[in-house]
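The values are calculated or read from the model by the stated rules, or taken from the named source; none is laboratory data. Fair warning: this is a prediction, and the values are worked out from it, not measured in the lab. So basically every Cβ, Gly included, is an ideal-geometry build from the backbone, and we count neighbours across all protein chains shown.
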Amino acid sequence: MSAELNNGVTPLEQWLPNLKKPFVIAGPCSAETPEQLMTTAKALKQFNVDVLRAGIWKPRTRPNGFEGQGVEALKWIKDVKEETGLPFATEVGSALHVEVALKYGVDILWIGARTTVNPFSVQEIADSLKGVDIPVLVKNPMNPDLNLWIGALERIHNAGIKKFGAIHRGFSSFEKTKFRNVPNWQIPFEFRRQLPNVPLICDPSHIGGSRDLIYDISQRALDLNFDGLIIESHIDPDNAWSDAAQQVTPDRLGQILSELKYKKESSTDTEFVTHLDELRTKINNLDKELVETLSHRQVLSNKIGEYKRDNNVTTFQVDRWNEIFNTRKEWAKKLDVSEDFVAEVFKLIHEESVRRQEEIISKK
Ligand code: PEP
Ligand code: MN
């Protein structure tokens, strides 16, 4: 089935005139007012952006956020397209959205992360696209489920759409990280491995969630041979009605685009970065285990502290310290780890244990 998807896609260059890899979609998170949309679009045009974006309907996590201007804002698109000569992309979440977006001349549709999670909604959109020839981009679902992402593309493809691609926008995660949505690069790698012909673009705005991360994430995506970027840009980001923290001014976007290094396409680049990432993921897991081990050690050491306190024994016992010091160095030697290094590490670990035990004893 993946093979059918991979072979059934129209190459990016044939989607719209002048679209080539790597292409840039930019524009505000939401269309707010005719003036905001027009001034942002005109400014972006100067920086060789290929496609404009703006949300017309905004899927908000909680009600009462700005939910988009709806059909009213679709009416502004005509002028913006005429003024800039650029194609326009927006998010659709239902058959009705598709119908009106097509009526008002939207050129590219995308399915948002909150819609991709729901096969009923994706199927409804796919059914409404039968007989229509328009590029459709599918954002990854909120949760890191590659099959759900590919499944959504299959539904679109089965409806007869041939110009389809994917947007990597990161994944929602319970753990707090510096990202708004963790990139989990292994998932887009695997996407690429299974579907090398399907255009894959990166959304650094929703991955990062903050302006200062846009450049690095974009560079990373280019290093990994993504086909394009979709970046949120607003004429007055601080006062944006949605996603203010992650939007950049058109000037800043122009600067980012001019500073990005566009590498020559070579499979070794991708392989190199992919492999590096796999190794880093393994290191991350090991480091996490190290910290967990330290935490377990600390729990035991605290227990010893309580025991010493209840039996009136001193915290620091030189014999025990010598034993720790010598045995750990021997273990290190056997495993080809520097003895001096391990001795240093255990000095720190032991100091910390003693400090904690003293705290326990003094709290008597
Ligand atoms: C957006 O592009 O503004 C958006 C709502 O994105 P996502 O579906 O990735 O959250
Ligand atoms: Mn947004």
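Listed by position, the helices (runs of 4 or more DSSP H) enclosed by the stretch 106-222 that each have at least 2 residues that are acidic (Asp, Glu) are 119-128. Being over 25 Å from the mean Cα position of the chain (by Cα), away from ligand 1 (no atom under 16 Å from the Cβ) and at positive phi is a property that holds for Asn64. Summed over the stretch 23-56, residues that are surrounded by 15 or more Cβ atoms within 10 Å (Cβ to Cβ) and part of a loop (DSSP other than H, G, I, E, B) total 9.
For Asp203, the requirement of being of a type in the set (Asp, Glu) and under 17 Å from Lys21 (Cα atoms) is met. Of the residues in the stretch 36-59, not one is out of contact with any strand residue (DSSP E or B) (no Cβ under 6 Å at 6 or more places or on another chain), without any contact (Cβ under 8 Å) to a residue 24 or more places away in the chain and more than 16 Å from ligand 2 (Cβ to nearest atom). Might you check whether a residue that is out of contact with any Ser or Thr (no Cβ under 9 Å at 6 or more places or on another chain), modelled with pLDDT under 90 and of a type outside the set (Asp, Glu) occurs anywhere in the stretch 331-354? Taking every residue of the stretch 331-354 in turn, none turns out to be out of contact with any Ser or Thr (no Cβ under 9 Å at 6 or more places or on another chain), modelled with pLDDT under 90 and of a type outside the set (Asp, Glu). Number of residues in the stretch 223-276 that are under 24 Å from Ile187 (Cβ atoms), among the polar types (S, T, N, Q) and within 16 Å of ligand 1 (Cβ to nearest atom): the value is 1.
A quick yes/no check of all residues on (1) farther than 15 Å from Asn6 by Cα; (2) more than 16 Å from ligand 2 (Cβ to nearest atom):
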position	(1), (2)
Glu154	no, yes
Phe164	no, yes
Trp185	yes, yes
Glu190	no, yes
Pro204	yes, no
Ile214	yes, no
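You will find that of Ala89, Ala43, Ala3, Ala73, the residue that is of a type in the set (Gly, Ala, Ser), out of contact with any Asp or Glu (no Cβ under 7 Å at 6 or more places or on another chain) and closer than 27 Å to Asn225 by Cβ is Ala3 and no other. When restricted to residues that are polar (S, T, N, Q) and within 13 Å of ligand 1 (Cβ to nearest atom), the stretch 43-61 contains 1.
Within the stretch 1-22, being in a loop (DSSP other than H, G, I, E, B) and more than 18 Å from Ile150 (Cα to Cα) holds for Trp15, Leu16, Pro17, Asn18, Leu19, Lys20, Lys21, Pro22.
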